[in-house]
Amino acid sequence: MRIGIDARGIYRELDGIGRFGVNILKELAHIDNSNEYIIYKNTQMRHLIVNKPNFIEKVIDVPRFTIREQIVLPRMLKKDKLDVLYCLHNVLPIFYNGKSIVTIHDIMAIAFPWFYSAFPFVKRYIGLYYFKLFVKLSVKKANKVIVTSKHTRKEVMQYLNLSEDKVKICPEAADVIFRPIKDDNLLNNVLEKYKIHKPFILYAGNFKPYKNLRNLIRAYNLLNVARGFIPRKGLPELVMAGGDKKYGPLLKEFTQKKGLEEKINFIGYVNQDDLPVLMNGALLFVFPSIYEGFGLPPLEAMACGTPVITSNISSLPEVVDDSAVLVDPYDTKEIANAIERVLVDKELREKLISKGLERVKLFSWEKCARETLKVYEEVYNEK
């Protein structure tokens, strides 16, 4: 087969979908020596993602979620005479007439458009309309749709009216770099680099409203004003890794209004190699998101042997099962109580660490890649 992969959603600063793309490409390269792959990348990604003879990488100047990708991209793809086209991120070029597969990571813009209420008026309505229209057209056009969780599969079938046999589940996994690290010098160097003081609680991800970080800060503030919390030790610093050009400043302003600027440490984007070290160094990883297509960060934290608190809604319970403390993300008191329990109760912490390390063994990028390759073969063999 000659397989084209639309990887324009992978940028230098890897977000969750970017990490998904890099990992799936690397594992496909690891397990598949016979098929030919053409990887289409954005102009930012000029370095090689995969270095293998059967993988060709092309940089193309066609931005995602634009009319150009619907008009120019199909012409490019046609010249490459693909047997199967696989789009990593939600949208197909609908005027492409070959066999195709698309991964739908989530349908937040369709199921919960109010999450985008903070966007400027024009961007909100034009952007959401484009997304809704072309996601709906893409899943109708595609031969198969890949999702990463049962929760997303259920939503895709419900909101986009797809049959069960058209939607395939290929769960994500934590990258191999997320593992227990015992090197104290490495840990100290990374903490010094980001000006972090032990002990600390960690959040990592973007700062968009659906991540529910204001409720995390409210919960942290409840603990901050509670006298006698963790006798003799005080409340550990809350480290916020990641960010967003729009929502980062708003969240810092909210933190200042709560008088927490000396207790909450905004460290910005973290180098991919440093993130597992930070997760290893944290007493606790808190991820109170309201909506996730899969929810990779809690799995990555568990792979590092770090206790996790996360939300009891969306796909997150499916990912962590009973290996994390699940909370109502809308209940700040419940979040605060969970943080206190995990920090104070050593037996609970050890139980979460042990269960988390076992849970992550059920997920692997090799398994995800093999399931994805099966979908390619199934589509290729369709009449």
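The values are calculated or read from the model by the stated rules, or taken from the named source; none is laboratory data. Since we're looking at a predicted model, the values are computed, not measured. Cβ: placed from backbone, ideal geometry, glycine included. Neighbour counts: every protein chain shown.
So the values come out like this:
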| quantity | calculated |
| --- | --- |
| Selection within segment 199-213 - assigned to a strand (DSSP E or B) and among the aromatic types (Phe, Trp, Tyr) | Phe200, Tyr203 |
| First in segment 301-328 and outside the structural domain of Tyr210 (by TED's automatic domain parsing), second anywhere and aliphatic (A, V, I, L, M) and buried (at least 24 other Cβ atoms within 10 Å of the Cβ), Cβ under 8 Å, 6 or more apart | none |
| Members of segment 102-114 found to be among the aliphatic types (A, V, I, L, M) and part of a strand (DSSP E or B), listed by number | Val102 |
| Residue list for segment 245-283, filter: more than 22 Å from Leu299 (Cα to Cα) and at pLDDT below 90 | Lys245, Lys246, Tyr247 |
| Residues that are in contact with a Pro (Cβ under 9 Å, 6 or more places away or on another chain), in a helix (DSSP H, G or I) and under 20 Å from Asp321 (Cα atoms), drawn from segment 352-383 | Leu352, Ile353, Gly356, Leu357, Leu362, Lys367, Cys368 |
| Set Ile201, Ile217: member being among the β-branched types (Val, Ile, Thr), touching a residue at least 60 places away in the same chain (Cβ under 8 Å) and within 23 Å of Leu316 (Cβ to Cβ) | Ile201 |
| Tally of residues being surrounded by fewer than 21 Cβ atoms within 10 Å (Cβ to Cβ) and not basic (Lys, Arg) across segment 236-250 | 7 |
| Residue match in segment 266-281 (condition: outside any loop (DSSP other than H, G, I, E, B) and on the phi > 0 side of the Ramachandran plot) | yes |
| Hits in segment 78-101 (condition: crowded, with 23+ Cβ neighbours inside 10 Å and outside any loop (DSSP other than H, G, I, E, B)) | Val84, Leu85, Tyr86, Cys87, Ser100, Ile101 |
| Answer residue from segment 67-106, given it is touching a residue at least 24 places away in the same chain (Cβ under 8 Å) and among the β-branched types (Val, Ile, Thr) and is farthest from Val379 (Cα to Cα) among those | Ile71 |
| Scan of segment 59-71 for residues that are part of a helix (DSSP H, G or I) and surrounded by fewer than 16 Cβ atoms within 10 Å (Cβ to Cβ), ordered by number | Ile67, Arg68, Ile71 |
| Any hit, segment 162-178, residues being outside any loop (DSSP other than H, G, I, E, B), surrounded by 18 or more Cβ atoms within 10 Å (Cβ to Cβ) and in contact with a Cys (Cβ under 7 Å, 6 or more places away or on another chain) | no |
| Filtered residue count, segment 294-336, keeping only those that are part of a loop (DSSP other than H, G, I, E, B) and under 15 Å from the mean Cα position of the chain (by Cα) | 4 |
| Residues satisfying the stated conditions in segment 122-147, i.e. at pLDDT 90 or above and among the basic types (Lys, Arg) | Lys136, Lys140, Lys141, Lys144 |
| Subset of segment 315-332 [crowded, with 17+ Cβ neighbours inside 10 Å, hydroxyl-bearing (Ser, Thr, Tyr) and out of contact with any Gly (no Cβ under 7 Å at 6 or more places or on another chain)] | Thr332 |
| Test: residue in segment 8-31 that is surrounded by 17 or more Cβ atoms within 10 Å (Cβ to Cβ), assigned to a strand (DSSP E or B) and in contact with a Phe, Trp or Tyr (Cβ under 9 Å, 6 or more places away or on another chain) | no |
